[in-house]
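The values are calculated or read from the model by the stated rules, or taken from the named source; none is laboratory data. Bear in mind that the values here come from a model prediction, so they are computed numbers and not experimental data. Heads up, the Cβs are rebuilt from the backbone with ideal geometry, glycines too, and the neighbour counts pull from every protein chain shown.
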Ligand SMILES: [Ca+2]
Ligand SMILES: [Ca+2]
Ligand SMILES: [Ca+2]
């Protein structure tokens, strides 16, 4: 004869339980079979028996776990009297010496198991009249596993509360469900977005315009960057300036240092370039925000009417033979908000002057593509924008995990994965988009940003329509606003 006792105070499995929980014991032939729920975080489980608790416990069956939550089954011969039984689970994979350890004595089925509350909250009479089965609980678990990321205790409680049929119905019609977003979901989703104020830019100095330039083989005249300097002796060419990377309109093939070879003499090269452009401002009173947008490699200092407005990778006074402090690759123009330098801007004549420096004479590239923009805030509400494509992936998983509308979340992910436009192709396409003047409409950074935003809007469309008719959804990928061909 044997009797066992569960050691949980209540017969209900609570969220956050960390103790193993014996939910069933049975006699099968001459074997005792003990089923135990072991929460996550344990590396071993040991079944112990005792006939006199004061005299101590005797470990009978033990085995290793992976740290995953699961159903552990202990099996051992029914050949001795047992009054008490308990299960110890621990953080260590080290096992005590026990008579039974092999697979037929210790098995684990990983996963989440559910235990309906015992009606009177009494410890059930294990073994004598096993009144618990996984029947309904297992059904719920399987249902949730089927339609969702996996069951959580909150989901289980909800299904128990409203019943399986009603739950399926509520998942199919999420608009009808009154389940609110959890505050945690709202907060976590918000972290994936930023607020963008719609603006309009007007260009005052554009790429491709003609500048005067002076190669930094020696120091230019002291007043080279002032309005009154006479640059008529300087060479002229369209911006940008430099060599390498295939991004230069005025190519400086003599700027890089080359050693003498058998066929060629040494090319001494030079470290810096000085450029100037005069331009007109006709609407000074209207300008509220001024942006210096510059694509550069490796360091520069920019001056507006002789006054410094922006710099990068150069300290103090930079002479013609000063190296940039470190390398900086061109390709993604950087916006310097120089609104605080607006006071240097004049109605009518202005001059923008820039010195650009390489980080070494043997560098394989130099780039300077400057622009000057006036930015105007549009009278429109801020737009919510996703931070990047990784944030979108996080959003999809986050909804899968936190949303009570799990079927919708899972189907939205399904549609997104199966019918979405390809992010990389979208980026490539956007990078190649040109304005009517033949200039690229956006940098690669902007292209990624826009592509992520489009992918997010597409995903939201799938999410909103995930439970609708396939007939409505199928044409959507071809004709949604993210489409390029429609
Ligand atoms: Ca470089
Ligand atoms: Ca360089
Ligand atoms: Ca270049």
The lone exception for residue 332 - which of (1) at pLDDT 95 or above; (2) within 16 Å of ligand 3 (Cβ to nearest atom) it fails: (1)
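Of everything in segment 234-253, what is within 14 Å of ligand 3 (Cβ to nearest atom), touching a residue at least 12 places away in the same chain (Cβ under 8 Å) and outside any strand (DSSP E or B)? Give them in sequence order.
Scanning segment 234-253 gives 239, 240, 244, 245, 247, 248, 249, 252.
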Flag if residue 235 is on the phi < 0 side of the Ramachandran plot, exposed (fewer than 14 other Cβ atoms within 10 Å of the Cβ) and away from ligand 1 (no atom under 16 Å from the Cβ): yes
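Need a quick list: strands (runs of 3 or more DSSP E) entirely within segment 310-395 having at least 1 residues that are within 16 Å of ligand 2 (Cβ to nearest atom). First the steps, then the outcome.
Details: elements: 334-337, 348-357, 366-377, 383-386.
Correct list: 334-337, 348-357, 366-377.
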Failed criterion for residue 170 (all others in (1) out of contact with any strand residue (DSSP E or B) (no Cβ under 7 Å at 6 or more places or on another chain); (2) surrounded by 13 or more Cβ atoms within 10 Å (Cβ to Cβ); (3) modelled with pLDDT of 70 or more; (4) not in a helix (DSSP H, G or I) hold): (4)
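Have a look at 388, 364 and point out the one that is touching a helix residue (DSSP H, G or I) at 6+ places or on another chain (Cβ under 6 Å) and surrounded by fewer than 21 Cβ atoms within 10 Å (Cβ to Cβ).
On the way: 364 fails: touching a helix residue (DSSP H, G or I) at 6+ places or on another chain (Cβ under 6 Å).
Answer to the check: 388.
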All positions within segment 267-318 that are within 16 Å of ligand 3 (Cβ to nearest atom) and over 38 Å from the mean Cα position of the chain (by Cα): 269, 270, 271, 272, 273, 275
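Results for (1) more than 30 Å from residue 220 (Cα to Cα); (2) in contact with a strand residue (DSSP E or B) (Cβ under 8 Å, 6 or more places away or on another chain); (3) more than 16 Å from ligand 1 (Cβ to nearest atom), shown as yes or no for each residue.
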{"site": "352", "(1), (2), (3)": "no, yes, yes"}
{"site": "357", "(1), (2), (3)": "no, yes, no"}
{"site": "366", "(1), (2), (3)": "no, yes, no"}
{"site": "369", "(1), (2), (3)": "no, yes, no"}
{"site": "398", "(1), (2), (3)": "yes, no, yes"}
{"site": "405", "(1), (2), (3)": "yes, no, yes"}
{"site": "425", "(1), (2), (3)": "yes, no, yes"}
{"site": "430", "(1), (2), (3)": "yes, no, yes"}
Qualifying position, being away from ligand 3 (no atom under 16 Å from the Cβ), at pLDDT 95 or above and surrounded by 19 or more Cβ atoms within 10 Å (Cβ to Cβ), among 372, 407: 372
